[in-house]
Every structure is written in structure tokens, then in C-alpha cells.
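Worksheet: the structure to be examined is printed underneath.
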Amino acid sequence: MNCFKSSLFSLFLLAGFTVSAQEKTLQMVAPFKVGCAINPFLLNNNKGYKAVVSNEFNSITAENALKFYSLHPKRDEFNFAMGDTVVNYALANKKRMHGHCLVWHESAPKWLNEFVGDSASWDNILKTHIQTVLQHYKGKMTSWDVVNEAFFDDGNFRTEKTNGTNKSNKTYWYNHLGADYIAHAFQYAHEADPSTLLFYNDYNQENSPAKLKAIIAMVTDFKQRGIPIHGLGLQMHISINTKNEGIITALKEVAKTGLLIHISELDISVNTHHDSTLVYNDSLKALQSEKFAFVVEQYRKWIPKKQQYGITCWNVSDADSWLVKWHKSNDWPLLFDKNYQRKECYTAFYNSLKK
Ligand code: G3I
């Protein structure tokens, strides 16, 4: 797209205009759903953000609004307001809604972190949370990340928030219910809403063969036991240095499960050493564009069409990427810049979708 057309198009985007007929967007050319993880505050208060979400994406994930601390702030209190804002936006704009996430070692409200009880009471909390939330969103949520990040990179079940370094951060679910909290979570979810597709979601499958193996072993076990599971989420928080072989192996192996495969949280960091002096130069942009294209091409190559649940980017633009806050250093990991303009990597991503 030449620079005049691009700036004209950007004006349309910023003004919230619908896209003119000859201008195609990601959702128009993609052979599967393309999504983004959104923040309801930005959706309601930032025109550029809203225009990009509206014009480019046909699948929505709530970045935080459907997590435990957002929905269940007190043991006997649920608050669906923020979650409803995201879900109602998705439905009103005929976009698929993917729920994230019912069970995780992070995003716990204070009462849960401090809860003391026997395994029966922990199981009751797990079941009540899952079934109350599923029932509230019944018929509106195409799919859910039921359990998020239950394995360490070495393939063992996660028992701490970190890899055993910070003993104080025990993961309550495993430590009070044992490994079967995962199967129970999927069963509770399916009981509450049999129509919702249930996913297991994790990161680093492309870097950790042991984690990848453990996830696949869990799927095999679930199938043998009749535990309902429909999909796997590969978060793919990757960088320009992520090895292509690892991405190919992860995609090939998860495809063999026959489950729906969702690249669920894609971003591609260029500031791999969190260097505060780094400049986002042309060579970094080229490497990042290559990686975005590679991910799409390999997803299309190794995941059979009927298993392609789609590709979701985590956040919308470089201005709202979690990575910048997390690493407290600049980064440019997404398809849109801080002014919600399409970047070079957008074109690479778009062309790979369109092929
Ligand atoms: O809203 C409160 C605000 O009121 C308060 O003043 C502030 C200071 O504590 O915290 C704000 O909440 C923060 C929330 O993001 C909203 O910004 C939480 O502390 C912070 O922990 C939370 O971080 C989120 C993180 O998950 C933990 O839930 C990130 O935004 C979100 O991008 C990140 O997303 C995760 C996925 O869910 C799972 N995969 C990894 C991915 C990246 O970590």
C-alpha cells in the first residue's frame, strides 16, 4: 500500500470510518479467525484502539476482564460488569468471544490467596467459580481457556508461581487438589455449558520440549478417561530470536492431537535484552516481519484446516502491550504502532494470511 493510501486509510481508521471497499483488513483476508486481547477501558475511551479492533479482528479475548480477580472479587460475590462490557461488544459486532481464563495460579483475588481450607472446600471454590461464570456467559462464549499454565517448562506440574524459586507463591490448585484439579476443571466447565469449546492454554511449547510432551500426554490421558477437552492454546509470546525449528515442532506435535489449535497470545518482541537504549531500526523490523510471516505460514502448513481455531495477538498496539509494562523497557511487539498505524510486520502478517 503506497504511503498516500496508507495515510488516507489510517485517517479512516482513526476517524472510526468503516474500511472502504478496496481496502482489505486482516479479518477480511484471513482463512481463519484473527483476534486480539482487549482492555474494556481502552475500547471505550480510545478511538484509534477501537477502530483497529473493529476493522481488523473477528475474534475477541478479554486480556483481564474475565479472570478470577475480575469476576470473583469476594468469596460470595461475583462482578460481571467488566466481563460483560467485553462480551457484549464482541456479540454486538458479530465477533467470536474467547474466554480467558477460569483457572490459573495468577490473577487470584486477595481472599483466594489467603483462603485456608481442606481439599473439599478448595474443590467447592473451583467448581462454584467455573460453573457460576460458565452459566452467566452461556450461549455467548464460543470457547474458554479453562486452565492456564499448569506445567513448568521441565514438564512437571506447576506447584509454585515460579520455578520453585519463590516458595511463598504456592499454586493453591495443585497443592490442595493434586494434579486432577485440571481434569475436574474441564468436567465442571462441560457440565455447566456443554456447548462451549474447552481449551488448555500455555506458553513456551516452542522452546520447551518437556512441557510440550507433558501437555500432549495430558491430552492423551483426558481422551482415554473421557475428560472433555476441545482445544489447545499456544500463547506464543515469542521474539525475533525464537528458533523456527521449535515453532515447527510445536505445531506439528499439537496438530497430532486432533484438537482445535489456537495461537492464543501472539506477540514478537524485538528488545530481547530489555535494553532501554534500543532503537527500533529497519533490521529489527525486517526480522520481526519475517517471524510474523513464518508463524502464519507454518500454522497454515502444519495445522489442518478443520483444526485451525485462529491466531490471536496479545493486546492491540505497541502502546498497550503487556510486555512494555512487564519488562519496564521499550518494545514494539505487535502489528500496530503507538498511534494505531499499521507497521511493516502488519503487511507481512497480512500477506501470509492472504496467500
Ligand atoms: O487494575 C489494577 C489497578 O487498579 C491497580 O492500580 C494496578 C496496580 O496494582 O493493577 C491493575 O491490575 C493489573 C492488571 O494487569 C490490569 O492492568 C494487575 O496488577 C496486573 O497483574 C495485570 O497483569 C496482567 C497479567 O496477565 C496478570 O493477570 C496483564 O495485563 C496481562 O496482559 C497478562 O496476560 C497474561 C495472560 O493472562 C496469560 N498468558 C501470559 C500473559 C502475559 O503475562
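The values are calculated or read from the model by the stated rules, or taken from the named source; none is laboratory data. Given the structure is predicted, the values throughout are model-derived calculations rather than measurements. A quick note on method: Cβ atoms are made from the backbone with ideal geometry, for glycine too, and the neighbour counts reach across all protein chains shown. Heavy atoms of the whole protein, side chains included, go into the accessibility calculation; ligands, DNA and RNA do not. Shrake-Rupley method; radii C 1.70, N 1.55, O 1.52, S 1.80 Å.
Other residues lying with their Cβ under 12 Å from the Cβ of Lys301 contribute a combined charge of +3, Lys and Arg counting +1, Asp and Glu -1.
Ordered by 1.4 Å accessible area with all protein chains kept, Thr347, Thr242 run largest first as Thr347, Thr242. Charged side chains reduced to their Cβ positions (Lys and Arg at +1, Asp and Glu at -1) give segment 22-354 a dipole of some 780 debye around its Cα centre.
A simple rule links phi to the HN-Hα coupling: the Karplus curve 6.51 cos²θ - 1.76 cosθ + 1.60 with θ = phi - 60°, which for segment 323-331 gives 4, 5, 5, 4, 8, 6, 8, 5, 7 Hz, with x for Gly and Pro.
Each part gets one Cα centre, and for segment 234-311 versus segment 191-233 those centres are 19 Å apart.
Kirkwood Rh and Cα-based Rg: tell me the resulting Rg over Rh for the chain, rounded to two decimals.
That ratio equals 0.96.
Listed by chain and number, the aspartates and glutamates whose C-alpha is less than 14 Å from the C-alpha of Lys110, apart from same-chain residues fewer than 8 away, are Asp76, Glu77. Highest mobility in the GNM of the chain, judged by mean-square fluctuation with C-alpha springs under 10 Å and restricted to Glu149, Glu206, Glu23, is found for Glu23. How far, in degrees from 0 to 90, does helix 344-354 lean away from the longest principal axis of the Cα atoms of the chain, to the nearest 10? Once rounded, one gets 80 degrees. Summed over qualifying helices (DSSP H, 4 residues or more, each -39500 (n - 2.57)) and divided by its residue number, the chain shows a 222 nm mean residue ellipticity of -13000 deg cm²/dmol. The local environment of Met28, defined by Cβ-Cβ distances under 10 Å, has a net charge of 0 under the rule Lys, Arg +1 and Asp, Glu -1.
Run the numbers on the chain and let me know its relative contact order in percent, using alpha-carbon pairs under 8 Å that are six or more apart.
Reported relative contact order: 16 percent.
For Ser276, the solvent-accessible surface computed with a 1.4 Å probe is close to 100 Å², ligands and nucleic acids excluded.
Using a 1.4 Å probe over the heavy atoms of the protein chains, calculate the carbon and sulfur portion of the accessible area of the chain as a whole percent. Using a 1.4 Å probe with all protein chains present, the chain comes out at 54 percent carbon and sulfur. Here the 3J(HN,Hα) profile of segment 131-139, calculated from phi with Karplus coefficients 6.51, -1.76 and 1.60 at θ = phi - 60°, is 6, 5, 5, 4, 5, 4, 9, 4, x Hz, Gly and Pro shown as x. Note on the chain: with a GNM built from Cα contacts shorter than 10 Å, the maximum mean-square fluctuation among Arg225, Arg300, Arg75 falls on Arg225. Counted by Cβ distance under 12 Å from Met218, the other residues give a net charge of +1, where Lys and Arg count +1 and Asp and Glu count -1.
Ranked from largest to smallest solvent-accessible area, with a 1.4 Å probe on the protein heavy atoms, Ser289, Ser119 come out as Ser119, Ser289. For the pair Ser276 and Lys355 in one chain, pulling the backbone fully straight at 0.36 nm per residue adds 24.8 nm over the alpha carbon distance.
The residues of the chain expose, per residue, 42 Å² of accessible area to a 1.4 Å probe. Only Cα sites of segment 162-275 enter the Debye sum here, all with the same form factor; the resulting log10 I(q)/I(0) across q = 0.10 1/Å is -0.36, listed in q order. Comparing mean-square fluctuations of Gly83, Gly226, Gly48 from a GNM of the chain with C-alpha springs under 10 Å, the top value falls on Gly226.
Separation of the alpha carbons by more than 19 angstrom is noted, of Lys127/Lys211; Lys140/Lys306; Lys305/Lys354; Lys67/Lys338, for Lys127/Lys211; Lys140/Lys306; Lys67/Lys338. Between the amide H of Ile38 and those of Thr61, Ala62, Glu63, distances stay under 5 Å, these residues lying 5 or more places away or on another chain, with hydrogens modeled in the peptide plane.
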